[in-house]
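The structure appears right after this line, and notes come after that.
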Amino acid sequence: MTRGIRGATTVNKNTQEEILENTKNLIEEMIENNGVQPDDISHVFISATEDVNAVFPAKALRSLEGWTYVPVMCMREMDVQQGLAFCIRVMMVVNTSKGQKEIQHVFHKDAVKLRPDLAGR
């Protein structure tokens, strides 16, 4: 069965260092919390708001050991009025035997506002 694991974070500044560090921390926690291995992954979508453009956030995933061949794509998040600024979102599609309620979604920093009902489960 495939399941989606959601994750999101924000950055304070549009710098390569901050984007990569925050994205890597987010993805590492998504992996750890859900017991994911690179071969479990179908694909990963990463979106960023318009104000996050100093580097592709997917570069952070590429720095993880064993993740070289995982299909990943970056895209721009919809520009919604009153939307969360400086936001990076991850949708990791994994092969797993876990049920929907067992998946642990991860939200860091201001992105907790996106799904307070799922954050910190």
- Item | Qualifying positions in segment 37-50 - part of a loop (DSSP other than H, G, I, E, B) and crowded, with 21+ Cβ neighbours inside 10 Å | THR49
- Message: Return the pair list, or none, for Cβ contacts closer than 9 Å from residues in segment 100-121 that are in contact (Cβ under 8 Å) with a residue 40 or more places away in the chain to residues that are of a type in the set (Ser, Thr, Tyr) and part of a loop (DSSP other than H, G, I, E, B), at least 6 apart or on different chains.
- Response: ILE103/THR96
- Does segment 55-71 contain at least one residue that is of a type outside the set (Ser, Thr, Tyr), free of Cβ contacts under 8 Å to residues at least 12 places away in the same chain and out of contact with any strand residue (DSSP E or B) (no Cβ under 7 Å at 6 or more places or on another chain)? yes
- Note on the structure: The one condition ASP39 fails out of (1) under 16 Å from the mean Cα position of the chain (by Cα); (2) among the charged types (D, E, K, R); (3) under 18 Å from GLU28 (Cβ atoms); (4) modelled with pLDDT of 95 or more is (1)
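Can you go through ASN95, ASN14, ASN53 and tell me which one is surrounded by 14 or more Cβ atoms within 10 Å (Cβ to Cβ) and modelled with pLDDT of 95 or more? Step through it out loud before you land on a result.
Working: ASN95 fails: surrounded by 14 or more Cβ atoms within 10 Å (Cβ to Cβ); ASN53 fails: surrounded by 14 or more Cβ atoms within 10 Å (Cβ to Cβ).
Result: ASN14 is the single residue among ASN95, ASN14, ASN53 that is surrounded by 14 or more Cβ atoms within 10 Å (Cβ to Cβ) and modelled with pLDDT of 95 or more.
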- Query: Restricting attention to segment 65-83, and to residues there that are in contact with a Pro (Cβ under 8 Å, 6 or more places away or on another chain), in a loop (DSSP other than H, G, I, E, B) and surrounded by 11 or more Cβ atoms within 10 Å (Cβ to Cβ), which single residue is modelled with the highest pLDDT?
  - Reply: VAL70
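The values are calculated or read from the model by the stated rules, or taken from the named source; none is laboratory data. No experiment lies behind these values; they were computed from the predicted model shown. Positions of Cβ are generated from backbone atoms using ideal geometry, with glycine treated the same way; all protein chains shown enter the neighbour counts.
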